[in-house]
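Notes follow the structure.
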Amino acid sequence: MEDFRRIADEVAADIAAGRLRAGDRLPPQRVFARRHGIADSTAARVYRELAGRGLTVGEVGRGTFVRAAAPQPGPALVEPTSSRIDLELNYPVVPEQSKLLADGISPLLRADVLESSMKPVGAAGTPAARRGVADLLARAQWRPDPEQVLFAGNGRQAIAAALAALVPAGARLGVEELTYPVLKGLAARAGVTLVPLRVDEGGLDPAAVEAAARKAPLKAIYVQPTMHNPLSISMPVERRAELARLLARLDVPAIEDSIWSFLHDDLPPLAAFAPERTVLVDSLSKRLAPGLSLGFAVMPGAAVPRVAAALRSGGWTPMRFALEAATRWLTDDTARSIARAKRRDAAMRQEIAARCLAGFAVRSDPRSYYCWWELPPPWRADTFVAAAARYGIGVTPAAAFAVGRNSAPNAVRLGLASPPPDVLTRALSTLADLARAAPEDLVAE
């Protein structure tokens, strides 16, 4: 075997064993040649061989780096399968986001900047980060006060802190009758009783809030006014104002989940109508990327100490590096550029869903990353989920979102964000064919 291929095999083995990891920089070719006792020309051939195998990537002016592992190809929709198409978890990724994020974060990798980025930081973050979040959330002539912004490691922790600050154990929290499943778990661990509230085509019905408060006091409500998960409903402006007036009359605060609102950012939040009693929670996991997340909350000034204390006691304060990276992405237009790309991506995926599921009772919004599918009889949600799993497709049954003892709707939620578009098309087409068949036909196969 030629020397350059043997040496390339040794480097490839180091990469496979994890001794060289994704992002590690290889030495300059002359240094590599001296270490291995080979000519500079042979070292150049080794580097070309590694690049040809897809193991490294060269960056002009920076050097040669170990490439991240290539994504696994989409699974075939056949039985049996050990692969899985995930229509449950819903993390949108667009092609341009990695480069945009890398460009924004590269200044942090200088040694002097990195040192300061590794120091601890509290729930209040930094003034620059608070201003960046205030600018990010500003819409429809509303901009939060940066001094009322606090930070958490992720959006779930921000919700948990708001819950801990506003609703004591044993108290009642009003929630939409179909709600974010994580909230159900947080409430159970905190000993909080969830009170399901009716939802109609306009979102949470204020009359349902008032009726529940008459039966027994509500300590707060949790609501998703924009791009409700799982129904994709966005509450009209008039209803937001009506709900705010009701909350003032009842003296009930609200936790507003704004995680998906970047997909429909021309609506004012509930916090714009009830700033003195609304804790607005958001994060960067959907807007930017799930792997380096940051949660934040905007709240009335009087609630800042209580929520900050909950963040500290829960160990939910942010990482300084994530905060510094986010600040750069928020102030250099990276966050807005990626959000615009994701809005285009969501619209494209909704077009795929509309084609593949034409003729079925599907509720969504052209800007949303998910669909609510009311299944045709005789299918039941649990049976359909099991049948979809046989074809390597994961979907979420309505029971995961339902609150209270009432039976869950005969429906499933489809997350459209995670698979590549071609895999999404095949998965939805497979589910449509499955829904057109009878459950007993599947059993008979």
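What number goes with the only condition from (1) modelled with pLDDT of 95 or more; (2) within 24 Å of Ile259 (Cβ to Cβ) that Gly359 does not pass?
Just one mismatch for Gly359, condition (2).
If I filter the range 267-292 down to residues being under 22 Å from Leu100 (Cβ atoms) and among the polar types (S, T, N, Q), which single residue comes out as farthest from the chain's Cα centre (by Cα)?
Per the stated criteria, the residue is Ser283.
Examine the range 179-195 for a residue that is closer than 22 Å to Thr331 by Cα and in a loop (DSSP other than H, G, I, E, B), and state whether such a residue exists.
no
Among the residues of the range 268-286, which ones are within 23 Å of Ala417 (Cβ to Cβ) and either modelled with pLDDT of 95 or more or buried (at least 23 other Cβ atoms within 10 Å of the Cβ) (or both)?
Pro269, Leu280, Val281, Asp282, Ser283, Leu284, Lys286 - these are the residues of the range 268-286 that are within 23 Å of Ala417 (Cβ to Cβ) and either modelled with pLDDT of 95 or more or buried (at least 23 other Cβ atoms within 10 Å of the Cβ) (or both).
Select from the range 152-194 the residues that are free of Cβ contacts under 8 Å to residues at least 24 places away in the same chain and more than 24 Å from the chain's Cα centre (by Cα) and list them in ascending order.
Those that are free of Cβ contacts under 8 Å to residues at least 24 places away in the same chain and more than 24 Å from the chain's Cα centre (by Cα): Ala169, Gly170, Gly191, Thr193.
Looking at the range 305-322, which of its residues are aliphatic (A, V, I, L, M), part of a helix (DSSP H, G or I) and more than 17 Å from the chain's Cα centre (by Cα)?
Residues satisfying the conditions are Val307, Ala308, Ala309, Ala310, Leu311.
Yes/no matrix, rows are residues, columns are (1) touching an Asp or Glu at 6+ places or on another chain (Cβ under 6 Å); (2) of a type in the set (S, T, N, Q); (3) crowded, with 23+ Cβ neighbours inside 10 Å:
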{"site": "Ala152", "(1), (2), (3)": "no, no, yes"}
{"site": "Ala164", "(1), (2), (3)": "no, no, no"}
{"site": "Arg198", "(1), (2), (3)": "yes, no, no"}
{"site": "Glu201", "(1), (2), (3)": "no, no, no"}
{"site": "Leu247", "(1), (2), (3)": "no, no, yes"}
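Scan (1) touching a Cys at 6+ places or on another chain (Cβ under 9 Å); (2) open to solvent by 30 Å² or more (accessible area, probe 1.4 Å) for the single condition Ala211 breaks and write down its number.
Condition not satisfied by Ala211: (1).
Please work out if Ala386 is without any contact (Cβ under 8 Å) to a residue 24 or more places away in the chain and part of a helix (DSSP H, G or I).
yes
What number of residues in the range 126-151 are in a loop (DSSP other than H, G, I, E, B) and under 21 Å from the mean Cα position of the chain (by Cα)?
Narrowing the range 126-151 to residues in a loop (DSSP other than H, G, I, E, B): 126, 138, 140-141, 143-145.
Now restrict to residues that are under 21 Å from the mean Cα position of the chain (by Cα): 138.
Summing the residues that are in a loop (DSSP other than H, G, I, E, B) and under 21 Å from the mean Cα position of the chain (by Cα) in the range 126-151 gives 1.
Which condition does Thr430 not pass, out of (1) over 22 Å from Glu177 (Cβ atoms); (2) open to solvent by 50 Å² or more (accessible area, probe 1.4 Å); (3) in a helix (DSSP H, G or I), if it passes all the others?
Exception for Thr430: condition (2).
Give me a count of the residues in the range 278-295 that are of a type outside the set (A, V, I, L, M) and either assigned to a loop (DSSP other than H, G, I, E, B) or out of contact with any helix residue (DSSP H, G or I) (no Cβ under 9 Å at 6 or more places or on another chain) (or both).
The qualifying residues number 6.
Confirm whether Trp379 is open to solvent by less than 10 Å² (accessible area, probe 1.4 Å), out of contact with any Leu (no Cβ under 7 Å at 6 or more places or on another chain) and aromatic (Phe, Trp, Tyr).
Yes: the conditions hold for Trp379.
Count, please, the residues in the range 99-131 that happen to be closer than 14 Å to Ser337 by Cα and loosely packed, with under 13 Cβ neighbours inside 10 Å.
Summing the residues that are closer than 14 Å to Ser337 by Cα and loosely packed, with under 13 Cβ neighbours inside 10 Å in the range 99-131 gives 2.
Is there a residue being assigned to a helix (DSSP H, G or I) and under 25 Å from Lys99 (Cα atoms) anywhere in the range 51-62?
yes
Restricting to the range 219-266, name every residue that is among the aliphatic types (A, V, I, L, M), under 20 Å from the mean Cα position of the chain (by Cα) and outside any helix (DSSP H, G or I).
Result: Val223, Met227, Leu231, Ile233, Ile255, Ile259.
Could you tell me which numbered condition Ala399 fails, if it satisfies all but one of (1) out of contact with any helix residue (DSSP H, G or I) (no Cβ under 6 Å at 6 or more places or on another chain); (2) closer than 25 Å to Leu263 by Cα?
Status for Ala399: all satisfied but (2).
If you check Leu218, Leu197, Leu173, Leu163, which single one turns out to be among the hydrophobic types (A, V, I, L, M, F, W, C) and closer than 14 Å to Phe401 by Cβ?
On inspection, the qualifying residue turns out to be Leu197.
For every residue, the table says whether it meets (1) closer than 25 Å to Gly104 by Cβ; (2) crowded, with 17+ Cβ neighbours inside 10 Å; (3) hydrophobic (A, V, I, L, M, F, W, C).
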position	(1), (2), (3)
Pro300	no, yes, no
Val304	no, yes, yes
Ala308	no, yes, yes
Met319	yes, yes, yes
Ala326	yes, yes, yes
Leu330	yes, yes, yes
Ser337	yes, no, no
Ala346	yes, yes, yes
Gln350	no, yes, no
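For the range 48-66, state whether one or more residues are modelled with pLDDT under 80 and small (Gly, Ala, Ser).
yes
Among the residues of the range 183-196, are any open to solvent by 20 Å² or more (accessible area, probe 1.4 Å), in the same structural domain as Ile255 (by the TED database) and among the hydroxyl-bearing types (Ser, Thr, Tyr)?
There is at least one residue in the range 183-196 that is open to solvent by 20 Å² or more (accessible area, probe 1.4 Å), in the same structural domain as Ile255 (by the TED database) and among the hydroxyl-bearing types (Ser, Thr, Tyr).
In the range 392-407, which residues are assigned to a loop (DSSP other than H, G, I, E, B) and open to solvent by 40 Å² or more (accessible area, probe 1.4 Å)?
Residues satisfying the conditions are Gly404, Arg405, Asn406, Ser407.
Tell me which residues, restricted to the range 353-375, are outside any strand (DSSP E or B), of a type outside the set (Asp, Glu) and open to solvent by less than 50 Å² (accessible area, probe 1.4 Å).
Ala353, Cys356, Leu357, Phe360, Ser364, Ser368, Tyr369, Leu375
The values are calculated or read from the model by the stated rules, or taken from the named source; none is laboratory data. Values in this document were obtained by computation on a predicted structure and should not be read as measured data. Because the Cβ atoms are built from the backbone with ideal geometry, glycine has one as well, and the counts that use them run over all protein chains shown. Protein only, heavy atoms only, side chains kept; ligands, DNA and RNA dropped before computing areas. Shrake-Rupley method; radii C 1.70, N 1.55, O 1.52, S 1.80 Å.
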